[in-house]
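**Q** Encoded as C-alpha cells, here's the structure I'll be asking about.
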Amino acid sequence: MISTARYWFYIALIVLVYIIGMFVTLFENDSAQFAVMAMRMVQENDFLSLFKGPEEYLDKPHMHYWLAALSYKIFGIHDWAYRIPGILSTLLGAYSCFGLGKLLYNKDVGRFASLIFMTAQTMVLANIDVRTDAVLTGFTIFSIWQLATYIEKNTLKSIALGAFGAGIAFSTKGQIALVVIGISILCHLAYTQKWQQLLNWKVLAAILIFGLTISPMLYAYYHQFDLHPEKVIRGKDNRSGIFFIFWEQSFERMSGEGVGKNSSDFFFFFHTFLWVFLPWTVLALIGYWTKIKAFWKTKFAYKPNLEFLTVGGISILFLLISFAQFKLPHYMNVLMPLYAILSAAFLFVLHQKEKLKMAKIILGIQYFILGLVVVFTLLVSFYVFKLEHWYSYLFLLMALALVTYFIIKKETAYTKIVTVAIFSSLLLNGLMNAQFYPKLLEYQGGSAMAEKVMAENIPVDEIYKISERHTWALDFYNQNPVNIVLVSELKKMKDVWVYATDKELEQLKKKGIAWDNQITVDQFRITRLQIKFLNPDTREEKLNKMHLVHLN
C-alpha cells in the first residue's frame, strides 16, 4: 500500500522527532527521579542497591536503571544519555510490531503496525518523559513476537529470544510484563489450538534462559533486602525483595496498598485511551469492534485469516488493569503494540475489501485531527510560546509546506489515512519537542536553578535543603543530590547555600538566619498544565518561586 521508499522516509522523520526530544530538559518527577537513581549507581559504584533520595527503593526492579547507568558509563551523565535506552527499546518495539504483524498477517500490516506504534502519542511522549515503560514495552512485544513465532515455526532460536525478552521485561517492571506476554500467547494458543507446542523440551530451555536472564535482578533484590530483614520499607520490616517482585508488587498496585490509591474510576483507561493512541484512536476503536463482530459471527471457530492474539490480549488485559486502584496514563503503554497491530490489520482490510465509504469517513476524522494540530501549532508558535528566531519560522514554514504537499498529493483513501495521521503526529510532536517543551521547562525550578548554579560557579556540594521535598531536576543537573539539613544546624554553618521555597525562606527568617545573596527562579508544576499558565497574559498568576540563598 505504501512504497518501501515512502516507508523509510516516514521512519526517518519519526526518528528525527525522537532525536530532537533527546536533548530536552528532564521532566520532574519520574524522569528526573529515575535519572538521578541511575546516576547514583554510577557515582557510588553500587549497582545492586536502588535509592529514592534517602529511602531504599523496592517498588520497581533494576533493569531500567542499569541500562541508563550503562549509557552514562559510555556517554557521560547527560539527559540525552539517559534517554538512549528508552529510544532503542522503542525502536526494538517498532521492529517487533513489524515482525508480529507480518507473522500474523503480512508485510504491509507489519509496516503499518510499526508506523502506528511509533507515532502513537503516548509512545512519542514516553521517549521524552522517559520512565520504565519504554524498555518494558519494547521487550514485551519482542517477547510476544518471538514466542508467537515459536508456536508457528517451532524454532529453538525463537523461544530462546522470547524467553530472554520476557526476562528483560520482567527485570524492568515486574509481573505486568509476564501478565501481558502470558495472556497474549495463551490467547494465540487457545485460538490456534497448538497446545502441543508446550509439550516440548524447548520450553524447558526457555525457562532456563528466562531464569538466567532475571538472576542479576533477583540477586540485587536479595542483596539489598533479603539479606537485611532489619530494614523497614513502607513501615514494614522483614521485606523480601524476591517475594515482593514475584508476588506482592502487582497486588499492591491493584489494591493501592503501599503505593496508595489515586483512582477508583473503572473507566479511567477507557477515556485515557482516547488521547494516548492519537492520531489512530478511531481506527483502533472501529478495528476492535469489527474484530469482535467477526469472532462473534464465527463463534470463535478457527479461521486462517483471523488471529485472536491482539484482540484477546487487549480485551483481557484492559479489563484487568481497569480494576487497579492506582492508575496512570502510561500504564497503557505496554498495550500499544497490540493496538498498533490490530489497527494496521483493520486498515489493510479496508484496502483489501475496498470499503471506500468507511475509509472516507475515517479519513475525514483524520483531516479533522490534523486541522486541530495545525491550529495548535500556530497558537503555540505565535502566542503561547512565541518563536524567537527567523530560522524557527523557516522550519515551521517548511514543515507546513511538507504536510500540505503530501495532503494534496493524489492517493487512495487508505494510503491517505496513513499519510494524514503520520503528519499529524510529526507536526505536533516536532513542535512539542523543538519548541513547546524547551520553553515550558524554563519554568521548572530545579533545572532552571541548576543553570544559575553553573553560571555562578556555585559549589554543588555546598547546597542544602531544609525539608524532605524532592529536588530531582536540581540533583541531576548539578550531578549531586542536595543534602537535607535541620534548620538548627544551619546556624552553625558558614558559606553554604540553601535551596528553598517562599515558605521555607520565611521559616529561616523566623529562626534568625540571614543571607547575603539570593538567586530566584520561576517554578511551575510543568506536568500539570493549566489554561491560565498557557496564556501569557495570566501566566504570572500561576507561577511560584524557588530561591537559592547564601548564608554568610
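Read-outs throughout are calculated quantities, based only on the coordinates presented, and are distinct from any laboratory measurement. Given the structure is predicted, the values throughout are model-derived calculations rather than measurements. Positions of Cβ are backbone-derived with ideal geometry, glycine not excepted, and every protein chain shown enters the neighbour counts.
**Q** Nearest 0.05, what FRET efficiency do Ala514 and Met454 give at R0 = 22 Å with Cβ-Cβ as r?
**A** About 0.30, to the nearest 0.05.
**Q** Additional query: Could you point to the residue in Trp280, Met398, Tyr65 farthest towards the positive end of the chain's charge dipole, with +1 and -1 charges on the Cβ of Lys/Arg and Asp/Glu respectively?
**A** Projecting each Cα onto the dipole axis, the largest value belongs to Trp280.
**Q** A follow-up question, please. If you take the charge dipole of the range 4-352 about its Cα centre, with +1 on Lys and Arg Cβ and -1 on Asp and Glu Cβ, which of Tyr82, Ala169, Val349 is farthest toward its positive end?
**A** Value: Val349.
**Q** Ratio to report: Rg/Rh of the range 109-257, with Cα atoms as the point set and Rh obtained by the Kirkwood method; give two decimals.
**A** Using Cα coordinates only, the ratio equals 1.03.
**Q** Continuing with the same structure: How far, in degrees from 0 to 90, does helix 201-221 lean away from the longest principal axis of the Cα atoms of the chain, to the nearest 10?
**A** With both axes taken from Cα atoms, the answer is about 10 degrees.
**Q** In addition: Using a ≥ b ≥ c from the Cα gyration tensor of the range 357-417 (square roots of the eigenvalues), is it rounded, prolate or oblate, where a/c under 1.5 gives rounded and otherwise the larger of a/b and b/c decides, a/b for prolate?
**A** It comes out oblate by the Cα gyration axes.
**Q** Still on this model: Given Lys231/Lys511; Lys102/Lys360; Lys293/Lys416; Lys52/Lys327, which pairs have Cα atoms separated by over 32 Å?
**A** Pairs exceeding 32 Å: Lys231/Lys511.
**Q** Shape verdict for the range 307-383, please, from the Cα gyration tensor: rounded (a/c under 1.5), prolate (a/b greater than b/c) or oblate.
**A** Oblate shape, in that a/c is at least 1.5 and b/c is the bigger or equal ratio.
**Q** Can you pull the Kirkwood radius for the range 1-131, inverse mean 1/r over Cα pairs, to one decimal in Å?
**A** Averaging 1/r across every pair of different Cα atoms and inverting gives 16.0 Å.
**Q** Which whole-number percent gives the relative contact order of the range 309-427, counting Cα pairs below 8 Å spaced six or more residues apart?
**A** Relative contact order, the range 309-427: 32 percent.
**Q** Each residue of the range 151-157 in turn: what ³J(HN,Hα) in whole Hz from Karplus with 6.51, -1.76, 1.60 and θ = phi - 60°, glycine and Pro shown as x?
**A** Once θ is set to phi - 60°, the couplings for the range 151-157 become 4, 7, 10, 6, 9, 5, 4 Hz.
**Q** Considering only DSSP beta bridges with both partners in the chain, what is the antiparallel share in %, to the nearest 5?
**A** 80 percent
**Q** Take the alpha carbon gyration tensor of the chain, find the square roots of its eigenvalues, order them as a ≥ b ≥ c, and report rounded if a/c is under 1.5; if not, report prolate when a/b exceeds b/c, else oblate.
**A** oblate
**Q** Report relative contact order for the range 1-129 in percent, whole number only (criteria: Cα-Cα under 8 Å, sequence separation at least 6).
**A** Over the range 1-129, the number comes to 28 percent.
**Q** Taking the Cα atoms only, what angle lies between the long axis of helix 4-22 and the longest principal axis of the chain, rounded to 10 degrees?
**A** So the helix axis and the longest Cα principal axis differ by about 20 degrees.
**Q** Select from Trp472, Val453, Asn483 the residue farthest towards the positive end of the dipole of the range 447-492; place +1 on Cβ of Lys and Arg, -1 on Cβ of Asp and Glu, and compute about the Cα centre.
**A** Asn483
**Q** Same structure again: Could you work out how far the C-alpha centroid of the range 80-150 sits from that of the range 421-493, in angstrom?
**A** Each part's Cα centre sits 30 Å from the other's.
**Q** So, one more: As I understand it, the value is the acute angle between the Cα axis of helix 79-104 and the longest principal axis of the Cα atoms of the chain; what does it come to in degrees, rounded to 10?
**A** Roughly 10 degrees, rounded to the nearest 10.
**Q** Now for a different question. If you look at just the Cα atoms of the range 444-551, how large are its Rg and its Dmax in Å?
**A** Using the Cα atoms of the range 444-551, the pair Rg, Dmax is 14.4, 45 Å.
**Q** Let me ask you something else. Per-residue ellipticity at 222 nm for the chain, helices alone: DSSP H runs ≥ 4 residues times -39500 (n - 2.57), over residue total, nearest 500 deg cm²/dmol?
**A** Theoretical 222 nm ellipticity from helices: -19500 deg cm²/dmol.
**Q** Taking the Cα centre of the chain as origin and charging only Cβ (+1 Lys, Arg; -1 Asp, Glu), how large is the dipole, in debye to the nearest 20?
**A** 2240 debye
**Q** Give the longest segment of the chain that steers clear of chymotrypsin sites (Phe, Trp or Tyr not before Pro) in DSSP loops with at most 15 neighbouring Cβ atoms within 10 Å, not counting the sites themselves.
**A** The segment 24-265 is the longest one with no such site.
**Q** By counting other Cβ atoms within 10 Å of each Cβ, how are His351, His271, His550 ranked from fewest to most?
**A** His271, His550, His351
**Q** With the contact rule set at Cα under 8 Å and sequence spacing of 6 or more, what percent relative contact order holds for the range 61-158?
**A** Dividing the mean separation by the residue count of the range 61-158 yields 28 percent.
**Q** Still on this structure, I have one more. Let me know the charge dipole size of the range 400-552 about its Cα centre in debye, to the nearest 20, where only the beta-carbon of Lys, Arg (+1) and Asp, Glu (-1) is charged.
**A** For this selection, approximately 520 debye.
**Q** Bin all alpha-carbon pair distances of the range 132-198 at 10 Å intervals from 0 and give each bin's fraction as a whole percent.
**A** Cα pair-distance distribution for the range 132-198, in percent: 25, 54, 20, 1.
**Q** Hey, another quick one. Below 14 angstrom from the Cβ of Phe533, what's the summed charge of the other residues (Lys, Arg +1; Asp, Glu -1)?
**A** Local net charge: +1.
**Q** Can you tell me the alpha carbon radius of gyration of the range 256-374 divided by the globular rule-of-thumb value 2.2 N^0.38 Å?
**A** Dividing the Cα Rg of the range 256-374 by 2.2 N^0.38 Å gives 1.20.
**Q** Filter the trypsin sites (Lys or Arg not before Pro) in the range 326-430 to those in DSSP coil with at most 14 other Cβ atoms within 10 Å of their Cβ, and list the result.
**A** The qualifying sites are Lys353, Lys386, Lys409, Lys410.
**Q** Calculate the length of the line joining the C-alpha centroid of the range 155-180 to that of the range 501-551, in whole Å.
**A** 46 Å
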